[in-house]
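Shown next, in structure tokens, is the structure this report addresses.
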């Protein structure tokens, strides 16, 4: 994939990157760490590539919304995971795809040119690109979501695994973490990565099968606008103390409509979403360095470090201390 960002003149320019590459030849795996010291989009990227899969984990802190030009020369089957921030993917002659924090989906796309619009301030995404040969062995006409993907692939048309984005469950985050931080080498590494790829697909297919085939009734257009306003307020004020009563009154809903509507629209609870924002911020602080686990626990509102560590492990699938090692 080729990516270009708008510079200060409003023109699109390719990234200037610094690369550090590690290759494990017996495992058939190449891992590249890419630093993009751009004032526009200061990306930190980990890229893991094998014959069957390519995983790209990108993080950035942006001060304003960013538009990237993207180009893909061949068809792909990709899992896109939005861990934090928001993304809008816009391709020529295809339906726009929007991802909120904590959402994911798998999609087949033919060759394309388009835009990737990002809003933050903290952006963290994972893109998992499966080889058509590897993915094709799991296509099953008895599984409706996979059948839709197979039809899209056969017709050369964009098709998603699920009609609406799926929640990024802790089990999915845990698999992604172990894929990116595999402790093995050589043959054992290759076998481990292949097993985790299959586990990831199984989790996604299971999640897609649980999704209702029609949108739940009961949300009016003006309620959706107010729920979006509630989410936007949480995105900006997630470190501030907040009650359900305060947030409901702030956006003009009653408590029930806020609780129920938020769950329907975003596939999570208000406080589940708020907890995710705080834990993703905590993870970024730990990755940046300079803070102990206890310091970070206090910053994101946990009175005790052990309670924070427990919540962090439930959410990400690994301990906060693992990021300090």
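Is it the case that some residue within region 306-315 is within 19 Å of the chain's Cα centre (by Cα) and under 30 Å from residue 163 (Cβ atoms)? Yes.
When 137, 94, 157 are checked against the criterion of being more than 25 Å from residue 239 (Cβ to Cβ), out of contact with any helix residue (DSSP H, G or I) (no Cβ under 9 Å at 6 or more places or on another chain) and in contact (Cβ under 8 Å) with a residue 40 or more places away in the chain, a single residue qualifies: 94. If you check 79, 118 for being closer than 19 Å to residue 151 by Cβ and within 19 Å of the chain's Cα centre (by Cα), only one passes: 79. On the basis of being out of contact with any helix residue (DSSP H, G or I) (no Cβ under 7 Å at 6 or more places or on another chain), surrounded by 15 or more Cβ atoms within 10 Å (Cβ to Cβ) and more than 14 Å from residue 239 (Cα to Cα), does residue 313 make the cut? The answer is yes for residue 313. Against the list (1) in contact (Cβ under 8 Å) with a residue 24 or more places away in the chain; (2) within 30 Å of residue 44 (Cα to Cα), the condition residue 272 fails is (1). Scanning region 68-89 for residues that are farther than 30 Å from residue 178 by Cβ and buried (at least 16 other Cβ atoms within 10 Å of the Cβ) turns up just one, 69. Within region 26-39, residues that are on the phi > 0 side of the Ramachandran plot have Cβ atoms under 7 Å from residues that are at pLDDT 75 or above and not in a strand (DSSP E or B) in these pairs: 28/50; 28/51; 28/190, counting only partners at least 6 apart in sequence or on another chain.
Which one of these is at pLDDT 90 or above, within 19 Å of residue 283 (Cα to Cα) and in contact with a strand residue (DSSP E or B) (Cβ under 8 Å, 6 or more places away or on another chain): 175, 126?
Among 175, 126, only 126 is at pLDDT 90 or above, within 19 Å of residue 283 (Cα to Cα) and in contact with a strand residue (DSSP E or B) (Cβ under 8 Å, 6 or more places away or on another chain).
If only one of 254, 280, 260 is modelled with pLDDT under 95 and in contact with a strand residue (DSSP E or B) (Cβ under 6 Å, 6 or more places away or on another chain), which one is it? Unique residue meeting the criteria: 280. Residue 323 meets all of the listed conditions (1) in contact (Cβ under 8 Å) with a residue 60 or more places away in the chain; (2) under 19 Å from the mean Cα position of the chain (by Cα) but one, namely (1).
The values are calculated or read from the model by the stated rules, or taken from the named source; none is laboratory data. Given the structure is predicted, the values throughout are model-derived calculations rather than measurements. Ideal geometry is used to build each Cβ from the backbone, glycine not excepted, and the neighbour counts take in all protein chains shown.
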